[in-house]
Structures are given as structure tokens and as C-alpha cells.
Amino acid sequence: MVEKILLAVTIIICVVLLNFRIYVFNTEYYEDEFRKLGVYNTFPKEEANEQLNHLINYLKTDQPLTSTFFNEKEKKHLEDVQRLIQKTLIIFYCSIVLLPILLFRNRKGLAKPFLYSGIFLISIPVVLFIINFQSIFITFHELLFTNDLWILNPETDNLIKLFPEQFFFDFIKKVFTNSFIIGILLITFYFRKNR
């Protein structure tokens, strides 16, 4: 029973963080969002895309962020973001290694772990979209950051101009919509297995 619960939890982590990994460094996705949110009206397209590429490269590696586009407060916050993303990806890669082992060990009893993980995956977006996003956004930052560097001024800070709050709502929506679809597939597997 413990291994089945562990398998269900691992599936959930893999699905959610796989979708996170797909989009977090995806420049095409960011550029689509910039068009949609009018970022290219605030900054010239070439400048916004150049800063985006610098930022993604910074978040992927340990290289310092040398751009003068961001002020010192923003750079300090981005250091926290970089560490958070790297820790998240470590969890993802560990779960990817663990998943096939658990699938093999539970190969004769996959239906219920698939059902439990599927139900959880379709529940997350429902709960998130019932709750006010702004309160989730604030709680998320208060839980994951030990300082208030994430509180930025849209009048003076380029980081929040480049990534307004709606960007994060869209990002979360994308990740959990995809996870919702996979959750439905997992539940479908359960019912096909037990009909």
C-alpha cells in the first residue's frame, strides 16, 4: 500500500514538473505571452527578447546576470528564483529516475495509483481556479521566499514590466491544464482496466 501511494505521488510530481520544465525555459512560449500581454508595447521587441534570452540563460546556468536592464533588487530576487528553479528541477529529475522503478515494482497493480494520481491532477486546477489567483500568488511567494525582494514596483522595476502578474496566471494555467488532461487519461486507464 505504501509503495502504491508513493507511486501515485511520484506520478503527480512527474506530470506537474514535466509541464513546468516544458515551459519554464521555452522562449517561444514567453514571446507569445509578451505579444498577448502587450510587453512589446512597453519595450521594443528586440530589447525584450534580448533580455528574455539573457534571463533564461541565467536561470539555466550558474553564470552571473550581467545585464544592466535589471536593478540590484531585481537581480537579488532573480538569484532566489534561479535557486528555486534548480531545486525544483532536481526534484523532477529524481522523480523521473524513481518512476520507472515504482512502475515496475507495482506492475500488477497500477490501476489504483493511476486513479488516485488522476483524481489529484484534475482536482488541482479546479481548486486553483476557484480560489482567487492573487491570494495564491502572494501566498506562494511568502512560502517560497524568505525575503520581500519579490515585491516589485511596476512603475520602476523592469522585471515586473516584463513579467506582469497575468503572465504567472497564464503559466500556471498552462501547466495545470496539461496536467488535467493527463489526469483524465490516467483515470480512463483505471476504468478501462476495471470494466
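FYI, it's all coordinate maths here, none of it is from the lab. Treat the numbers as computed from the prediction; the structure is a model and nothing was measured. Here Cβ is always computed from backbone atoms with ideal geometry, including for glycine, and neighbour counts include all displayed protein chains.
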Identify the chymotrypsin sites (Phe, Trp or Tyr not before Pro) of the stretch 70-158 meeting these criteria: DSSP loop state and at most 16 other C-beta atoms within 10 Å of the C-beta.
PHE145
Before rounding to the nearest 500, sum -39500 (n - 2.57) across all DSSP H runs of length at least 4 in the chain and divide by the residue total; then give [θ] at 222 nm in deg cm²/dmol.
-26500 deg cm²/dmol
Can you figure out the FRET efficiency of THR188 with THR146, using R₀ = 45 Å and their beta-carbon distance, to the nearest 0.05?
0.60
Nearest-0.05 FRET efficiency for PHE25 and ARG107, computed from C-beta distance (R0 25 Å)
0.15
At a Förster radius of 25 Å, what calculated FRET efficiency corresponds to the Cβ-Cβ distance of ARG35 and GLU79, to the nearest 0.05?
0.30
Taking the chain, the lysine pairs whose C-alpha atoms sit under 22 Å apart (8 or more places apart or on different chains) add up to 27
Which label in (1) 58, 32, 30; (2) 83, 50, 30; (3) 46, 40, 29 gives the computed Cα extents along the principal axes in Å
(1)
Within the stretch 103-195, which GluC sites (Glu not before Pro) sit in a loop by DSSP and count at most 16 neighbouring Cβ atoms inside 10 Å?
GLU155
Exactly which trypsin sites (Lys or Arg not before Pro) in the stretch 99-171 are in a DSSP loop and have at most 10 other Cβ atoms within 10 Å?
ARG107, LYS108
What nm value, rounded to one decimal, do you get for the distance between LEU89 and LYS60 when each label is placed 7 Å out toward the C-beta?
0.8 nm
Rounding to the nearest 20 debye, state how big the charge dipole of the stretch 2-193 is about its Cα centre with +1 on each Lys and Arg Cβ and -1 on each Asp and Glu Cβ.
1440 debye
